[in-house]
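One structure is given here, and the rest of the page talks about it.
The values are calculated or read from the model by the stated rules, or taken from the named source; none is laboratory data. Bear in mind that the values here come from a model prediction, so they are computed numbers and not experimental data. Cβ sites come from the backbone with ideal geometry, for glycine too, and all protein chains shown count toward neighbours.
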């Protein structure tokens with residue numbers, strides 16, 4: 001049988017967001033794939049340049065719906081380092097707790113999607129039911145179920161009360177039981193293992209070559225977690241990244257589940273440590289921030305999907321450039337390698353096991369509509385696009 | 001006398017166990033299995049009458065033939081698929097109602113059941129869509145996988161009943177029963193064998209390009225499939241001879257299907273092939289040999 005193209009996306013039931021993989025298929029086997037991005041470009045990086053520093057916080061929250069808190073953390077952390085600020089320790093702990101709660105949410109979400117992609121609706125519904133517990137916790141702590149807007153430059157917006165902390169403890173206890181239950185399922189259930197084991201394998205050398213990040217690279221046996229560097233409150237806590245050797249979809253799921261348990265531990269430890277700290281959560285920062293022109297910084301945090309990186313360069317009262325490198329962008333380099341040789345039936349499973357987030361990853365290419373040729377945009381052109389601070 | 005016979009014949013064809021029963025009971029089975037599965041999954045689920053609503057809604061829609069679809073085939077396939085299921089129904093004695101019965105009717109049943117699945121696959125090839133094509137290839141592959149143990153199980157019991165479909169309790173032949181049940185899962189494309197129409201992989205498989213009345217007819221064919229196969233199991237393998245046992249055994253069969261549906265993840269087509277040929281088929285053969293040795 002001759003090979004043919006099977007379009008996977010941009011609209012496909014397995015994808016929640018528009019993304020396109022051109023699959024070259026021979027029967028049911030994939031012989032090649034090409035990733036096409038650009039259906040969802042929001043132009044956020046460019047928009048930063050047209051806003052004062054403070055408004056950028058709200059913009060960065062909107063990069064992603066699932067890991068918005070990490071984006072604001074990363075952005076605020078960068079600006080704080082540009083301004084040379086030391087935020088209160090309590091604020092650091094609160095940032096960490098929200099981040100870990102959001103990680104729990106994101107990991108459970110991703111695992112639920114994996115369960116759905118392998119056609120096990122029951123597990124999907126179970127996991128999503130338990131994810132509600134995390135959502136409720138998020139609402140309890142921040143007032144919102146998504147897009148918490150907890151971070152401000154110089155600290156956080158809200159403090160926790162003792163009662164809230166106790167509620168969180170109660171939810172964590174329930175969640176821990178559930179995570180243990182799911183660990184049992186992913187470890188022992190033949191039906192689940194059947195679809196995940198030896199699928200989407202990424203060996204350690206290949207992982208080094210393509211450098212995915214987060215649980216995806218840790219599942220291939222590479223010790224890489226930004227939390228180890230001890231940013232924010234992680235320096236006060238004991239932390240050791242979870243590494244697996246399997247390199248396949250099952251290992252990636254197991255790593256996520258183990259990280260859920262780890263997050264629960266981190267939240268507990270933080271809540272205990274927070275008790276003794278003064279109730280100061282934010283520095284007093286004027287709304288109109290001015291940073292010396294040309295100052296630049298790189299800020300990193302460990303988002304649920306891996307290392308999130310912000311490069312920020314100042315243009316005085318607003319950024320000159322904000323460059324966001326999202327974890328999924330980094331992970332997609334390895335996608336073609338992971339898909340090759342597997343069946344069509346494995347494509348959604350492999351994709352879901354990477355826990356991708358397309359909207360924050362999207363890039364675009366300029367294509368001349370007459371000649372159909374791709375064109376490289378010069379720095380001068382991009383500076384004058386969209387009426388940013390430099391365009392005017 | 002002849003007029004009476006004709007009336008009974010028409011009643012059986014159109015009302016019970018024929019068209020009307022297949023329509024109502026089939027959609028009821030589908031609605032019930034969705035509802036019960038939903039409760040097993042900790043959600044509320046659609047109302048039991050949802051498949052009826054769907055059917056009526058689809059029937060009232062415009063008939064669309066997409067570019068590249070062979071229109072005649074696309075209309076014919078669901079009709080033939082439905083008609084073959086209805087034909088099978090005539091051979092099954094449901095609570096004393098039986099239209100045709102002769103030694104060897106088991107083979108006719110096997111033949112028409114294959115027809116139904118084959119036309120489902122042809123419908124995919126007629127649509128000219130890559131997802132539909134992949135779905136159809138999978139459907140054919142799956143047909144070749146489950147058909148052998150399924151036929152073996154029917155022949156095992158057929159040997160004991162003179163190849164005639166009569167109420168027979170096959171509890172003494174658990175492997176044949178198991179093979180039949182796995183065959184039903186494959187034929188109805190229920191999890192873990194919903195491979196030809198795996199939503200996450202190939203959209204809706206053979207039915208990707210189908211909408212409106214044609215899709216409604218396919219739904220009807222599937223409803224008829226539920227009714228026919230569950231009845232066949234209740235009568236030929238569990239031995240339902242009157243209306244009460246028939247209802248009880250049908251419920252047992254349906255519940256078993258629902259439990260399978262909620263417990264297992266979808267398997268890949270190559271895994272399904274291996275499972276049917278290397279696990280289910282040898283087990284089914286054990287019972288066949290037992291019967292043959294016992295008889296001859």
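Assessment of the stretch B:68-90 against the conditions (over 26 Å from residue A:3 (Cα atoms), part of a loop (DSSP other than H, G, I, E, B) and away from chain A (no Cβ under 14 Å)) yields at least one matching residue. Within the stretch A:47-88, the residues that satisfy the criterion of being part of a helix (DSSP H, G or I) and farther than 17 Å from residue A:319 by Cα are A:68, A:69, A:70. List, please: which pairs have Cβ atoms under 7 Å, are six or more places apart or on different chains, and start with a residue in the stretch A:27-45 that is within 14 Å of chain B (Cβ to nearest Cβ) and within 29 Å of residue B:137 (Cβ to Cβ) and end with one that is part of a loop (DSSP other than H, G, I, E, B) and modelled with pLDDT under 85? As it stands, the answer is A:27/A:1, since those pairs meet every condition given. Return yes or no: is residue A:91 assigned to a helix (DSSP H, G or I), in contact with a helix residue (DSSP H, G or I) (Cβ under 6 Å, 6 or more places away or on another chain) and crowded, with 19+ Cβ neighbours inside 10 Å? Against the criterion (assigned to a helix (DSSP H, G or I), in contact with a helix residue (DSSP H, G or I) (Cβ under 6 Å, 6 or more places away or on another chain) and crowded, with 19+ Cβ neighbours inside 10 Å), residue A:91 does not qualify.
Consider the stretch A:3-26 and keep the residues that are farther than 22 Å from residue A:329 by Cβ and in contact (Cβ under 8 Å) with a residue 24 or more places away in the chain. The one that is farthest from the chain's Cα centre (by Cα) is A:3. From the list A:78, A:38, the lone residue that is on the phi > 0 side of the Ramachandran plot and under 20 Å from the mean Cα position of the chain (by Cα) is A:38. Of the helices (runs of 4 or more DSSP H) lying entirely inside the stretch A:276-392, those containing at least 3 residues that are under 26 Å from residue A:233 (Cβ atoms) span A:327-331. Which of the residues belonging to the stretch A:13-32 are surrounded by 14 or more Cβ atoms within 10 Å (Cβ to Cβ), at pLDDT 80 or above and under 16 Å from residue B:130 (Cα atoms)? Those that are surrounded by 14 or more Cβ atoms within 10 Å (Cβ to Cβ), at pLDDT 80 or above and under 16 Å from residue B:130 (Cα atoms): A:20, A:21, A:22, A:23, A:24, A:25, A:29, A:30.
Applying the criterion of at least 1 residues that are within 11 Å of chain A (Cβ to nearest Cβ) to the helices (runs of 4 or more DSSP H) found wholly in the stretch B:182-281 leaves B:199-202, B:243-263, B:269-275. Modelled with pLDDT under 90, surrounded by fewer than 23 Cβ atoms within 10 Å (Cβ to Cβ) and under 19 Å from the mean Cα position of the chain (by Cα), is that true of residue B:216? The answer is no for residue B:216. Exactly one residue out of A:112, A:65 is within 14 Å of chain B (Cβ to nearest Cβ), under 19 Å from the mean Cα position of the chain (by Cα) and surrounded by fewer than 24 Cβ atoms within 10 Å (Cβ to Cβ): that is A:112. With respect to the conditions (1) more than 14 Å from every other protein chain (Cβ to nearest Cβ); (2) touching a strand residue (DSSP E or B) at 6+ places or on another chain (Cβ under 8 Å); (3) free of Cβ contacts under 8 Å to residues at least 24 places away in the same chain, residue A:59 falls short on a single one, namely (2). How about the stretch B:1-23: which of its residues are outside any helix (DSSP H, G or I) and loosely packed, with under 12 Cβ neighbours inside 10 Å? Once the filter is applied, which keeps residues that are outside any helix (DSSP H, G or I) and loosely packed, with under 12 Cβ neighbours inside 10 Å, the stretch B:1-23 yields only B:1. Within the stretch A:377-388, residues that are under 14 Å from residue A:49 (Cα atoms) reach partners that are surrounded by 11 or more Cβ atoms within 10 Å (Cβ to Cβ) and at pLDDT below 70 with beta carbons closer than 8 Å, at six or more positions or on different chains, in the pairs A:383/A:390; A:383/A:391; A:384/A:390; A:384/A:391; A:385/A:391. Any residue at all in the stretch A:278-295 that's without any contact (Cβ under 8 Å) to a residue 40 or more places away in the chain and touching a helix residue (DSSP H, G or I) at 6+ places or on another chain (Cβ under 9 Å)? The answer is yes; a qualifying residue exists. Do you know which residues across the stretch B:39-60 are away from chain A (no Cβ under 14 Å), part of a loop (DSSP other than H, G, I, E, B) and surrounded by 14 or more Cβ atoms within 10 Å (Cβ to Cβ)? Once the filter is applied, which keeps residues that are away from chain A (no Cβ under 14 Å), part of a loop (DSSP other than H, G, I, E, B) and surrounded by 14 or more Cβ atoms within 10 Å (Cβ to Cβ), the stretch B:39-60 yields only B:48.
Selection over the stretch B:150-173 of residues that are farther than 16 Å from residue B:107 by Cβ and in contact (Cβ under 8 Å) with a residue 24 or more places away in the chain gives a count of 6. Inclusion of residue A:219 among residues that are farther than 25 Å from residue A:87 by Cβ and within 14 Å of another protein chain (Cβ to nearest Cβ) is not warranted. Do the conditions hold for residue B:27, that is, is it buried (at least 19 other Cβ atoms within 10 Å of the Cβ) and in a loop (DSSP other than H, G, I, E, B)? No: the conditions fail for residue B:27. Here B:172, B:135 are screened, and the one residue that is at pLDDT below 90, more than 22 Å from residue B:294 (Cβ to Cβ) and over 15 Å from the mean Cα position of the chain (by Cα) is B:135. Given the condition away from chain A (no Cβ under 14 Å), out of contact with any helix residue (DSSP H, G or I) (no Cβ under 8 Å at 6 or more places or on another chain) and part of a loop (DSSP other than H, G, I, E, B), answer yes or no: does some residue in the stretch B:156-165 qualify? Yes: one or more hits.
Look through the stretch A:153-187, keep the residues that are modelled with pLDDT under 90 and loosely packed, with under 13 Cβ neighbours inside 10 Å, and return whichever of them is nearest to residue A:352 (Cα to Cα). By that ranking, first place goes to A:166.
Of all residues being more than 18 Å from residue B:113 (Cβ to Cβ) and part of a loop (DSSP other than H, G, I, E, B) in the stretch B:169-181, which is farthest from the other protein chains (Cβ to nearest Cβ)? Just the residue, please. Among those that are more than 18 Å from residue B:113 (Cβ to Cβ) and part of a loop (DSSP other than H, G, I, E, B), it is B:172.
Of all residues in the stretch A:115-150, those that are in a helix (DSSP H, G or I) and within 14 Å of another protein chain (Cβ to nearest Cβ) total 16.
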